[in-house]
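Everything on this sheet refers to the single structure shown next.
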Amino acid sequence: MVVLAASIVSKSGKVLVSRQFVDMSRIRIEGLLAAFPKLVGTGKQHTYFETENVRYVYQPIETLYLLLITNKNSNILEDLTTLRLLSRLVPEYSYSLDEEGISEHAFELIFAFDEVISLGHKENVTVAQVKQFCEMESHEEKLHKLVMQSKINETKDVMKRKASEIDKSKIEKNKVDKGGFGPLQSLGSGKFENSFSDLSISSSGNAFGSGSGLGFSSDVDSFPTKSKGRPTSSATAPSKGLGMKLGKSQRTNQFLESLKAEGEVFLEDIQPKRSLSQAAAPPPTDPITLTVEEKLNVALKRDGGISNFDVQGTLSLQILSKEDGHIQVQVQTGENQAIIFKTHPNMNKELFSNENILGLKDPSRPFPTGQTGGSEGVGLLKWRMQSTDESMVPLTINCWPSSSGNDTYVSIEYEASSMFDLQNVVISVPLPSLRDAPSVSQVDGEWRFDSRNSLLEWSVLLIDNSNRSGSMEFVVPQADSSAFFPISICFKATDTFSNLKVTNTIPLKGGNPPKYFQRTQLITESYLVV
């Protein structure tokens, strides 16, 4: 009896607000919400329907739908009560029941939904109580806002002082420039000497002339003895940067844009994206983070069979605070007998082999904290698995090129094992050199043609029990069958072959076990069909 999610969607299927109340992947909830407009009927007397795994309970609100997604064991009467309460709350927080109004008050609606449903179960509250709970004031919030406002005001004051200093320096510099060094007796004044030295330092490499005894700066061209026909120094010897650089960048940009139109990827385009993704990655907030990662290296034969199957896994630990460094980690290794585990040299091997506990040989020493172990933490355990059993392969590819006349018809099929749900699957098929994109007649998923590298990329967002197999067919000009190999595949999963799980953290100095977060992922390092 659990409410999986509460959402507000438009009649066309656009999701405006969605709040999940159980642990559920984004891909899963997006799939459930995308299926709703296709399943909802018109002219029916009831406002719910069931699929194989979930139940949809919905209510029209003008041009929108208020939707509850529950499991099939949930009490339909209680779900209808919850739906009615939410339908009364929506107008309280969004006065215009359209897409713009709902999107504007999305967070207020999510907070209200959280007061009604907790961990998938309805709370015994009323509309008035929900409004009271959401409007309660926080002294800490007020204090935080005051501190932030004071910092903003202080920063504005510093900016104003800096701006006034810059304006004063500009005014003094303009006075010197307009004076043109007319009164020669001012050469002895300290103020003029300081301004003149500043101008000399700021010039671009021509501070002292080779023929002038005084060594005037190139910026000082308003001296009275300058002839009228002589061009200024800035025209004869422009500085390194601005004028020439702008013209060069325009011509370069035109050339780069023409290459980008052909599909070329440049390093200067990639580096900002990498830095952006690294900056966007949130730092660990839990006191202890344990990462289980397995890298998959597979080479499959195009006619069937395995050339190479190798799995390498690591368990790494990252601790934020020194107080949590004196711990031991209890793990559960699963039942895969083909996996060989190896502990770090500083770990107590007997303790791991006898009790499946990872701890240092010297219990008085703490684990490194912070960034000591790098962004991936400190490695505690490694394992490896090699196999020739084709049933262990999570994804197999069958590629069938056949020539007919002047064309080659290619049929590709994937078959996924039921062991894993694969995410972000991309199958890259090499093609002979083509001017135009191949003609794709059928595809389960999406495809993209990379003309620069002559690749056809077939992507499937998620492979689970609903689509363990899929196919794609396309046509290209006549080519040899070997031109479509090797096929490269990449994907990731949240399950591993080792099925390693962290069950507990044991504090060596007593007290409650510190909180920890476990991250598990399976990724492809090299996955080819050769």
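The values are calculated or read from the model by the stated rules, or taken from the named source; none is laboratory data. Here the structure is a predicted model, which means the values were calculated and not measured. Glycine also receives a Cβ, built like all others from the backbone with ideal geometry; neighbour counts cover every protein chain displayed. Surface areas here come from the heavy atoms of the whole protein model, side chains and all, with no ligands, DNA or RNA. Shrake-Rupley method; radii C 1.70, N 1.55, O 1.52, S 1.80 Å.
Here are the numbers:
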{"quantity": "Flag for Gly313 being modelled with pLDDT of 85 or more and either in a strand (DSSP E or B) or closer than 20 Å to Leu508 by Cβ (or both)", "calculated": "yes"}
{"quantity": "Count - residues of the range 127-143 that are β-branched (Val, Ile, Thr) and surrounded by fewer than 11 Cβ atoms within 10 Å (Cβ to Cβ)", "calculated": "0"}
{"quantity": "Pro363 out of contact with any helix residue (DSSP H, G or I) (no Cβ under 7 Å at 6 or more places or on another chain) and within 21 Å of Lys515 (Cβ to Cβ)", "calculated": "no"}
{"quantity": "Hey, Ile76 out of contact with any strand residue (DSSP E or B) (no Cβ under 6 Å at 6 or more places or on another chain), open to solvent by 20 Å² or more (accessible area, probe 1.4 Å) and either at pLDDT 85 or above or not assigned by the TED database to the domain that holds Gln521 (or both) or not", "calculated": "yes"}
{"quantity": "Search result, residues across the range 502-520 that are open to solvent by 60 Å² or more (accessible area, probe 1.4 Å) and within 29 Å of Leu300 (Cβ to Cβ)", "calculated": "Arg519"}
{"quantity": "Members of the range 95-120 found to be touching a helix residue (DSSP H, G or I) at 6+ places or on another chain (Cβ under 9 Å) and of a type outside the set (D, E, K, R), listed by number", "calculated": "Tyr95, Ser96, Leu97, Ile102, His105, Leu109, Phe111, Ala112, Phe113, Val116, Ile117"}
{"quantity": "Residue identified as within 30 Å of Leu461 (Cα to Cα), surrounded by 17 or more Cβ atoms within 10 Å (Cβ to Cβ) and out of contact with any Leu (no Cβ under 8 Å at 6 or more places or on another chain) among Val410, Val425, Val393", "calculated": "Val410"}
{"quantity": "Considering residues of the range 425-463 that are part of a loop (DSSP other than H, G, I, E, B) and small (Gly, Ala, Ser) only, the residue farthest from Ala483 (Cα to Cα)", "calculated": "Gly445"}
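This table checks each residue for (1) at pLDDT 90 or above; (2) in the same structural domain as Tyr516 (by the TED database); (3) more than 24 Å from Cys490 (Cα to Cα); (4) assigned to a strand (DSSP E or B).
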| site | (1), (2), (3), (4) |
| --- | --- |
| Pro368 | no, yes, yes, no |
| Gln371 | no, yes, yes, no |
| Ser375 | no, yes, no, no |
| Pro401 | yes, yes, no, yes |
| Thr408 | yes, yes, yes, yes |
| Ser411 | yes, yes, no, yes |
| Glu415 | yes, yes, no, yes |
